[in-house]
Each structure stands twice: as C-alpha cells, then as structure tokens.
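No value in this document is a laboratory result; all are computed from the given coordinates. Just so you know, these numbers come straight off a predicted model, no measurement behind them. Reconstructed Cβ throughout: ideal geometry from the backbone, glycine too, with neighbour counts over all protein chains shown.
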C-alpha cells in the first residue's frame with residue numbers, strides 16, 4: 001500500500017508539472033547600419049550594430065565571424081562582395097536566431113527602361129592576366145569568379161549592360177592579327193570570356209562587344225603609314241578576325257558589336273568597311289555600331305553611331321553643374337557637341353550612342369594634365385620616376401552628372417544609349433590595389449569606377465530614374 005501511495009504521489013507531481021518552472025523565451029533583437037560608404041582612394045565602410053537579449057552574434061563581412069553583441073567595425077569597401085551584409089544573433093533562451101541586413105553600398109533600385117535603351121559601362125576584359133596573378137579576393141584576376149564581382153557591382157549601380165572591350169591586335173610589321181607582338185603577354189581572349197558573356201546575359205543585362213583595331217605592342221590605335229603592308233592586308237586580317245568573333249557572339253546571344261577604327265574610319269577606307277560590315281551581317285544578327293570621334297560617311301553602314309565625348313570643356317576647374325552642361329555647346333575647340341550629333345542623326349538616320357571618360361586627375365573639365373598618359377605608359381614599361389597627378393573626384397563626378405544632364409536635356413530623343421567608363425579586373429590585382437603602387441592613381445583615380453564609391457552613388461541617383469531624367473530645368 002505504501003508503494004502504491006508513493007507511485008501515485010510521483011505521478012501527481014509529473015502531471016502537475018512539478019519541479020522548477022521554465023524560464024520564458026525572450027526573443028533577442030538586433031539592428032545594423034552602415035556609414036562612410038565613400039571615397040575613391042582606399043574607400044572604407046563602417047558597420048555598426050546593437051542588440052538586446054543576445055548572447056552571441058555572427059557577421060558575414062563577407063566571412064562569417066563571431067562579433068560582440070554590440071559594436072562596430074571598419075573595413076575596406078573591397079571586403080564587401082555581397083549586395084547585403086547580414087548580422088545574425090541568438091540568445092535569451094529563444095530557439096530562433098534573429099538577423100538584420102544592410103546594403104553596402106546603399107543603392108536605390110535601378111529604373112526599368114524601355115527595350116533598346118542602354119545604360120552601359122565598359123568592362124576592360126581584353127586578355128588574360130597570368131594564371132599566378134590574383135586579386136584582392138583571392139580569385140585569379142580574369143576568372144569568371146573575379147568578373148562576377150564587377151558585374152554584380154555595376155548592376156547594383158544601375159547599368160543595364162556592358163561593353164566588353166576586345167582588340168584586333170595588329171603586328172606593326174606585317175599588318176596581320178597577332179597575339180604575341182608584346183612578348184610579355186599573350187593577347188588572346190580570356191579563357192572565361194564566353195562564360196562571362198553568358199553570366200551577364202543570365203542577369204538580364206545587355207552585352208555588346210567592342211572590337212578595337214590597335215597596335216599589338218602599344219595596345220592603342222595608331223595612324224598607319226602602310227609602308228610595311230597594304231590596306232588590303234590589314235582590313236582582310238581585321239575582317240576575318242571580326243567575322244570569326246561575330247559567329248561565336250551569335251551563339252551566345254550577344255546584343256551588339258561595336259567597331260572601333262580610329263584613324264581608319266575616313267572616306268578612303270570606306271570600301272573596306274563596306275565589305276567588313278556586309279560579312280558581319282551574314283554571321284551576326286545583332287546590332288552593329290561604329291565608334292568614332294566625329295562625322296564620317298562610314299556611319300551610314302551601321303545601326304548605331306557611338307560618339308566619344310573627348311574634347312575638354314574648360315581649361316580651368318569649374319564646380320558649377322549648370323555651367324559645365326552649357327560648355328557642351330561650346331567646348332574648348334568651339335564645338336557644339338549636341339548640335340553635331342543632331343546633324344549626324346538627321347543626315348544618316350543612324351541611332352546615337354554616346355560615351356564618356358571622366359578623370360579625377362583633370363586640371364580642367366575634361367582636360368587631363370599634359371603628361372598624364374605619357375607618365376602612365378612610362379610607368380608600365382619602365383621604372384622611370386614621375387610625379388603623381390593631383391586628384392580631385394569632385395570635378396570628375398560633376399562632369400558625369402553634366403554628361404547625363406546634357407543628354408537628357410538636349411538629345412534624349414535621338415539617343416538610345418549612354419556608356420560610361422568603366423570597370424576593370426586589373427585594378428583589383430593585389431599589386432595594383434595598393435595606393436603606394438605608382439600605377440594605382442591611373443587605375444583607381446582616372447576614369448575607372450571599380451572602387452569609386454562616390455561616383456557609383458551619383459550614377460545610381462540618375463539610373464534609379466527613367467530614361468531622360470535630369471535635375472536641371
């Protein structure tokens with residue numbers, strides 16, 4: 001009987017929830033913010049977070065690292081590979097962790113444009129870097145993984161497509177395409193080139209491929225004397241190369257090919273261009289564009305004319321947006337660029353695209369220092385000492401704004417695309433990303449947008465608006 005009473009007593013205790021009462025679960029909270037998303041020389045980001053009732057927190061920045069439950073951290077902007085950085089906390093006997101995220105940098109959603117309107121940026125992707133060369137994220141510099149970071153970054157800014165730069169590299173002795181004129185590097189397309197094209201297309205973005213006719217040693221267009229070879233030899237070589245590239249581009253659903261033939265796009269070369277364009281259209285159904293610095297009858301052969309805004313707007317610094325916009329109608333050479341483009345459109349009926357290259361080193365609006373590019377080339381091929389250029393991002397960004405304002409205010413009805421330089425995997429090579437490296441100013445503080453957070457934010461403020469947006473009356 002005693003045994004039965006004992007068992008009944010135990011069962012009553014169990015049924016009544018005997019023992020110590022359970023502590024109620026208290027859900028933790030956490031908030032996360034970012035500041036100082038700015039700069040163009042070694043930009044940094046400061047993340048700050050606060051939590052309540054948390055016992056531990058983990059921050060993916062981009063690695064998952066344990067951090068205090070309240071605190072802040074400042075790291076280079078280049079550490080943030082993802083659109084969103086997230087902190088996750090647990091504690092307070094709650095079984096479900098809580099998270100907070102912040103966009104780094106905090107861009108607005110891009111506007112949806114009508115089909116055939118382009119906000120493009122250049123992706124400098126001409127040939128592979130050495131297999132032993134890695135970027136600051138640990139990726140081989142020209143690998144697909146390295147390029148994805150740049151593509152995603154540009155997409156977040158609001159660009160809806162890319163111009164992938166390639167080269168028809170000419171041997172100056174023979175006039176033939178050559179990938180080995182420069183003995184220091186083989187200038188074939190990067191091994192992941194078409195994977196990069198496919199990735200861009202998978203993001204719902206446009207892909208244009210530019211084919212620039214350049215000296216194989218200098219990597220720049222030159223004026224040929226045709227002493228060593230004939231015009232026929234050069235153009236046959238360029239045509240064969242371009243048609244072969246176009247056939248592969250067709251398979252990868254590339255939207256357009258952009259031909260650049262500076263010094264070779266005058267009337268005397270028109271028969272060669274006519275032949276080339278005819279053969280390109282046989283293997284490629286996308287759009288064809290000619291890039292040039294001014295009017296040429298060759299424009300009539302193409303679907304688009306891509307105009308490079310290359311003249312200086314002023315010889316001295318100007319920091320007034322409306323004033324800079326007005327200078328497009330009377331630049332330092334007395335040229336009215338909007339009027340020029342409208343005349344070209346009326347004459348040829350060819351749609352207009354317009355490109356911008358803006359420098360932090362400019363001593364006037366669009367006016368580079370006299371020795372800027374010479375010093376750059378010198379420091380690529382030699383170790384000659386030089387004076388680093390003075391840098392100011394304010395005028396560079398104002399020129400970008402003025403460019404977009406000018407297009408919207410004066411020629412948006414005849415313009416189907418803008419292109420702004422640019423993103424480059426070379427910038428994020430470990431040796432170049434160090435600001436003490438002599439070449440760093442040319443990559444980080446020239447025309448490049450790769451690490452220029454201030455410029456990216458200003459462009460995003462325009463690209464989050466519809467086509468034709470302008471802030472000036």
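Per-structure values
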| item | result |
| --- | --- |
| Shape of region 118-463, Cα gyration tensor, a/c cut at 1.5 | rounded |
| Packing-based exposure ordering (other Cβ within 10 Å, fewest first) of 226, 134 | 226, 134 |
| Likely footprinting exposure, 290, 113, fewest C-beta neighbours within 10 Å first | 113, 290 |
| Sorted by Cβ density within 10 Å, fewest first, the residues 353, 205 | 205, 353 |
| Gyration tensor (alpha-carbon) shape descriptor, region 166-322, a/c threshold 1.5 | rounded |
| Sorted peptide list for 344-352, 328-336, criterion being average Cβ within 10 angstrom, highest first | 344-352, 328-336 |
| Alpha-carbon gyration tensor eigenvalues x 5, square-rooted, for region 145-212, Å | 29, 12, 9 |
| Space enclosed by the convex hull of the alpha-carbon atoms of region 177-219, per residue, Å³ | 80 Å³ |
| Among 406-416, 64-74, the order from most to least packed when residues are scored by Cβ within 10 Å on average | 406-416, 64-74 |
| Alpha-carbon centroids, region 129-205 and region 322-359: separation in whole Å | 30 Å |
